[in-house]
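Note sheet for the following structure.
Just so you know, all these numbers are worked out from the coordinates, no wet-lab data involved. Bear in mind the structure is a predicted one, so any value in this text is a computation, not a measurement. Neighbour counts are summed over all protein chains in view; Cβ atoms, including those assigned to glycine, are modelled from backbone coordinates with ideal geometry.
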Amino acid sequence: MNLKQQINILVKLQALDSQIYELNFEKKGIPVELNLLKQEYERKEEEVKQAEQKVKNKQLESKKMEGDLKSKEETIKKQQGQLYQIKTNKEYDSLEKEIKNLKADISLLEEKIIGLLDEVEQENKIFLQEKQNLDKKRQDLQKKEEIGNNRSQEIKQQIEELAQKKKPFASTIEPLLLSQYERILIKKEGKAITGVKDGACEECRFMLTPQIIEEIKMGEELIFCNSCSRILYEAVNS
């Protein structure tokens, strides 16, 4: 088999290898995309945890205030009972003033508790909404993971089928030529051989001299593009 015939086989081999490279590229992109989605989910999950903690902190603050309120109310009740046991006006006035100040504190505490309970209600609404959104994101992520894993298996099978189709072509090419082709294939990410069209390399559009074009047509030796280093061949309707 002469060189020109082998190059024609390489063209067919290239068509299969191009598909394999495209499939591998897609397969490599699947875990990258899923990882980005996971990172986004984890970020939202952390936001939901912070929102929940914010609600809990305000609830604890509210309970503490309610405890203070109860303590002051008990103190007032106790001091009011002591008023009837006091013998001097001075002690009576002093204790009555303390009771008055405690009542003022209680009034202020009650306002703060009401305001804090309103905040708890609002923050809890935000938390519940974010939690609902997070649940949806988790379901979406699980669905995309399933789709991605299924697609990876499909790609694996397609690549195996293409690899089988390559064998008859690869076995008919001289080892040295096949080795050159495969080295370029790796370096050029799936495109080792390219046609000549309108006097230029189809892949990089580098203009070729008439002499080079004539040598390619003759097919007596391998001709490489001076720009992209790919193997050149005479394309149909070149």
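Computed quantities for the displayed model
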| item | result |
| --- | --- |
| Against the rule of thumb 2.2 N^0.38 Å, how large the Cα Rg of region 107-166 comes out | 2.46 |
| Cα gyration tensor, region 115-234 - rounded (a/c under 1.5), prolate or oblate | prolate |
| Formal net charge of residues neighbouring GLN132 (Cβ-Cβ distance under 12 Å; K, R +1; D, E -1) | +4 |
| Unit charges at the beta carbon, dipole of the chain: most positive-side option, GLY115, GLN132, ILE213 | GLY115 |
| Global form of region 66-139, assessed from the alpha-carbon gyration tensor, a/c cut-off 1.5 | prolate |
| Per-residue [θ]222 nm for the chain (sum of -39500 (n - 2.57) over DSSP H runs n ≥ 4, rounded to 500) | -29000 deg cm²/dmol |
| Point-charge dipole on Cβ atoms (K/R +1, D/E -1) for region 23-167, about Cα centre, debye to 20 | 580 |
| Rounded if a/c under 1.5, otherwise prolate or oblate - the chain, Cα gyration tensor axes | prolate |
| Charge sum, other residues only, whose C-beta stays under 15 Å from LEU23's C-beta, Lys/Arg counted +1 and Asp/Glu -1 | 0 |
| Net charge of neighbours whose Cβ lies under 14 Å from the Cβ of LEU102, counting Lys and Arg as +1 and Asp and Glu as -1 | 0 |
